[in-house]
Protein chains: 2
Amino acid sequence: MRTRLTRHVLVLLLSITIALPISAKAASDPLPSWKEGPTKATIIDFVKRVTDPKSDDFVPPSERIATTDNDGTLWSEQPLYFQGLWALDRIKALAKDHPEWTQQEPYKSAIAGDMKGMMAQGKGPLLKMLMAAHSDITAEEFASSVSDWLAKSHHPKTNMLYTDMVYQPMLELLDYLRANGFKVFIVSGGGIDFLRVFSEERYGVPPEQVVGTTADAKYELRDGIPTIVKEGNITLIDDKGGKPVGIYRHIGRRPIFAAGNSDGDMAMLQYTTMARNADDKTPTLGLIVHHTDAEREFAYDRKSSMGKLDKALDAAAEQKWLVVDMKGDWLKVFPKK
Amino acid sequence: MRTRLTRHVLVLLLSITIALPISAKAASDPLPSWKEGPTKATIIDFVKRVTDPKSDDFVPPSERIATTDNDGTLWSEQPLYFQGLWALDRIKALAKDHPEWTQQEPYKSAIAGDMKGMMAQGKGPLLKMLMAAHSDITAEEFASSVSDWLAKSHHPKTNMLYTDMVYQPMLELLDYLRANGFKVFIVSGGGIDFLRVFSEERYGVPPEQVVGTTADAKYELRDGIPTIVKEGNITLIDDKGGKPVGIYRHIGRRPIFAAGNSDGDMAMLQYTTMARNADDKTPTLGLIVHHTDAEREFAYDRKSSMGKLDKALDAAAEQKWLVVDMKGDWLKVFPKK
C-alpha cells in the first residue's frame, strides 16, 4: 500500500513539474515578444483592471471594444503604404487596356516606375488614378486581385511577403485582448475592402470588424448573379476625424482601447480616452507605436510623409497615451525574423 | 447488495422521468410561438443542416451570418414607420425654436397633425423635413431623444409601447439562430442610429451588428469633449439595392439567412439566396413575414404604402423563399398579448 501511494505521489509531483513551466509561462507571459518593463506592465495592468469583476475599473465584456489602426500599427508602411504599391501594380496591369495612359500623367510616370515624376503631379490627379485602380470592378474580382498580389509580391527592401511584415508583438496583443473578452476592430485609413482580404487570416479580425476608407458600391443582378460593383465616389475617408466617424458608423459605441502610430490616429485616441464629462471615469488605454528601429524595421516620426507622428506624439504626453518604443520594447518585430 | 442496486436503478429511472419532459421540450421546441407545421419545420431543418458537422450542408460558425429587416419583420410598421412617428413628434418639439415653420409646408401640416396635408407636399420636402429631425444634433442628444420617446410614447391603435410591438416568434427565431452559432445583424431601411438605441436590449443585437440608412457625421472636440455631430447628407439608403450594399459595407460577407417582409427586402433575399455560379451549393434560407392577421396585428401586402409586398411575393415562389403566414404560423404575435 505504501509503495503504491509513494508511486502515486511521485507521478503526481512529476506531472506538476512537467506542467508547471508551460502553464506558468502561459499565465504570466501573454506577451512573450514584449520586453519586461513599464510598457508591457501598463498593458497588462489595464487588461487586468477592466476584466476583474472586483475592480472599480471593471468593464462588462460587451463594452470591451478595442480599435487599432493597420498601416504602421499592425504592419509596416514604408516606403509607401502597401495598398499604394498594390494600386501601382494594378495600374500597370490595367495599362494594356488603356493605351492612352502612356501619354497621360500621372499614369505615364506610374507605368514607367518613375515615383518622383508621379508624385509631382499633385494630389488630385494621384487620387483619381488611385480610384481608377479600385473602381468599376466587382467585389469578387477586387478581392481576387488583392489576394493574388499578396501571395506573390515582395517588399522592395526586405524581400518579404507583405503579410509577413506584420508585427509579432501586436499579433500577441490582439490575441491577449480577445482572450480577455475584447472585441477587436481594425480602424484604418486604408481601404476597407483591401484589408478584409487578409484581416481574418492574418489578424484574426473578421471582415465585419474591419472599418476603413470606403467608396460607393452598387448592387445589380448580372446575368442572374447577385453582384456588388465597386464605384469611385468616396463616402468615408477613415483617417483623422474620419476615424471617430467610422467608429460611430460601424461600431456605434466608444472603444476603451485604441492603438495607432500617427497623427491620423490622434482623433481616434482622443475619442477613446478623453472624458465625456466630469463624472466620466471609464478606464481607457491609448497606445502609440513609435517607429524607432531603423535596423529591424524603419525609424521615422515627425517628418515622415508616411505615418507622420508629430502632433499625436506631443498629445501623448498630455493625454497619458502609452508610447511604445519599437526598438526598446519589442524583443521581436516580424513573426519570421 | 441487490437492494442497493435496485434503489440505484430506481433513482436513475426517476431522474430520467423527471428530466425528460423538460429537456425533450427544450430540445424539440426552440420556437414555442411558432405553430407546428411546414413553416416551422423548414426553419428547424435549415438550422439543423448547417450546424451538423456530418451534413453536406454544414457551414462553419464564422460564416453563419443572418440578416433581418426591422420594420414589419421584427416589429410593426403601421400606420407609419415608428421612426416617422418619432420624427413628427420631434418636429413638433423643435417648432418652438422655429416660429417660421407655422407658415411653411410641410412643417405647418406636420405640427397641426394634418397627415394628409403633410403627405400632399411631395417626397422632396418631406425628406428635407425628416432630415431636419435627424441632423445638427450630437450622437448622445439623438440617442437620448429616441430613448425618451420610446419610454413614454404609445401606439395610436394598440396603445402599447412601441418596443412592446416586437414579434415574439421573431425574438425566438433570433435566439434560436444565435444559440446555433449564427451572428445576427439587423439590416433596415430605418436609420442606423435610431435602431441602435434599442436593438441590444430589445433584440439582443449589439450596435455593431446594426446596419441602416446612414447620414454623414463629423467629429469635433467641443469644449474639450470628443463629440460626434449628425449631419444631413445621406450616404446610404439601406433599402432595396442599398441592402446588399449595406451588407457589403458593414459585414463584408454573404449571409446564409435573410428575413424581410417587403419589396424593400427583395434585393437582400436575392443576395443571400441566389447561387453565385453553377457550382455554388451554399445552403441558404430566405424568409418573408406576410402580414395576414388583421385581428392580432395588421393585414396588408400588394397595395400598402408601408411595407408593400408585391414583387417579392411573386419572387418568393420562384426562389423558394419561405413565406410566413402571420395568422396561420404564429401562435402569438406580441410578447405581452
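Is it the case, given these coordinates, that residue A:80 is in a helix (DSSP H, G or I) and aliphatic (A, V, I, L, M)? So that I can check it myself, show each step before the final result.
Numbers: in a helix (DSSP H, G or I): no; aliphatic (A, V, I, L, M): yes.
In short, no.
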Members of the range A:43-91 found to be in contact with a strand residue (DSSP E or B) (Cβ under 9 Å, 6 or more places away or on another chain), surrounded by 15 or more Cβ atoms within 10 Å (Cβ to Cβ) and among the hydroxyl-bearing types (Ser, Thr, Tyr), listed by number: A:67, A:68, A:73, A:76, A:81
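Residues A:199, A:135: which one is in contact with a strand residue (DSSP E or B) (Cβ under 6 Å, 6 or more places away or on another chain), modelled with pLDDT under 95, within 30 Å of residue B:253 (Cβ to Cβ) and polar (S, T, N, Q)? Spell out how you get there, then give the answer.
Values: A:199 fails: modelled with pLDDT under 95.
Result of the check over A:199, A:135: A:135.
Report, by residue number, each residue of the range B:137-155 that is part of a helix (DSSP H, G or I) and buried (at least 16 other Cβ atoms within 10 Å of the Cβ). Lay out the reasoning, then the answer.
Step one: of the range B:137-155, the residues part of a helix (DSSP H, G or I) are B:139-152.
Of everything in the range B:137-155, those that are part of a helix (DSSP H, G or I) and buried (at least 16 other Cβ atoms within 10 Å of the Cβ) turn out to be B:139, B:142, B:143, B:145, B:146, B:149, B:150.
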Single residue of B:106, B:79, B:99 found to be within 26 Å of the chain's Cα centre (by Cα) and modelled with pLDDT under 95: B:79
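Of all residues in the range B:224-238 being surrounded by 20 or more Cβ atoms within 10 Å (Cβ to Cβ) and within 19 Å of the chain's Cα centre (by Cα), which is nearest to the other protein chains (Cβ to nearest Cβ)? Don't jump to the end; show me each part of the working.
Quick first cut of the range B:224-238, residues surrounded by 20 or more Cβ atoms within 10 Å (Cβ to Cβ) only: B:226, B:228, B:230, B:236, B:238.
Still in the running and within 19 Å of the chain's Cα centre (by Cα): B:236, B:238.
Values: B:236: 8, B:238: 11 Å.
Only one residue tops the list, namely B:236.
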Single condition residue B:252 does not satisfy, out of (1) over 18 Å from the mean Cα position of the chain (by Cα); (2) part of a loop (DSSP other than H, G, I, E, B); (3) more than 7 Å from every other protein chain (Cβ to nearest Cβ): (3)
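Identify all residues within the range A:268-281 that are surrounded by fewer than 24 Cβ atoms within 10 Å (Cβ to Cβ) and within 12 Å of chain B (Cβ to nearest Cβ); write none if there are none. Working first, answer last.
Step one: list which residues in the range A:268-281 are surrounded by fewer than 24 Cβ atoms within 10 Å (Cβ to Cβ), which gives A:270, A:273-281.
Once the filter is applied, which keeps residues that are surrounded by fewer than 24 Cβ atoms within 10 Å (Cβ to Cβ) and within 12 Å of chain B (Cβ to nearest Cβ), the range A:268-281 yields A:270, A:273, A:274, A:275, A:276, A:277, A:278, A:280.
Could you please find all residues in the range B:156-184 being assigned to a loop (DSSP other than H, G, I, E, B), within 14 Å of another protein chain (Cβ to nearest Cβ) and either among the hydrophobic types (A, V, I, L, M, F, W, C) or within 13 Å of the chain's Cα centre (by Cα) (or both)? Before the answer, list the steps.
Residues of the range B:156-184 assigned to a loop (DSSP other than H, G, I, E, B): B:156-160, B:165, B:167, B:180-182.
From what is left, the residues that are within 14 Å of another protein chain (Cβ to nearest Cβ) are B:181-182.
Residue satisfying the conditions is B:182 alone.
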Residues located in the range A:47-73, provided they are away from every other protein chain (no Cβ under 14 Å), more than 16 Å from residue A:169 (Cα to Cα) and not in a helix (DSSP H, G or I): A:52, A:53, A:54, A:55, A:56, A:57, A:58, A:59
From B:289, B:333, residue being in contact with a strand residue (DSSP E or B) (Cβ under 8 Å, 6 or more places away or on another chain) and either away from chain A (no Cβ under 14 Å) or part of a loop (DSSP other than H, G, I, E, B) (or both): B:289
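Let me confirm something: among B:244, B:226, which residue is touching a Phe, Trp or Tyr at 6+ places or on another chain (Cβ under 7 Å) and closer than 15 Å to residue A:242 by Cα? So that I can check it myself, show each step before the final result.
Numbers: B:244 fails: closer than 15 Å to residue A:242 by Cα.
Of the residues listed, the single one that is touching a Phe, Trp or Tyr at 6+ places or on another chain (Cβ under 7 Å) and closer than 15 Å to residue A:242 by Cα is B:226.
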Residues satisfying the stated conditions in the range B:263-286, i.e. among the hydroxyl-bearing types (Ser, Thr, Tyr) and in a helix (DSSP H, G or I): B:271, B:272, B:273
Complete set of residues in the range A:185-220 that are over 12 Å from the mean Cα position of the chain (by Cα) and within 7 Å of chain B (Cβ to nearest Cβ): A:206, A:207, A:208, A:214, A:217, A:218, A:219
Selection count where residues are surrounded by fewer than 16 Cβ atoms within 10 Å (Cβ to Cβ) and outside any helix (DSSP H, G or I), scope the range B:299-324: 6
Index of the failed condition, residue B:241 passing every other in (1) within 7 Å of chain A (Cβ to nearest Cβ); (2) among the small types (Gly, Ala, Ser); (3) crowded, with 24+ Cβ neighbours inside 10 Å: (3)
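The values are calculated or read from the model by the stated rules, or taken from the named source; none is laboratory data. All values reported here derive from a predicted model rather than from experimental measurement. Backbone-built Cβ (ideal geometry, glycine too); neighbour counts: all protein chains shown.
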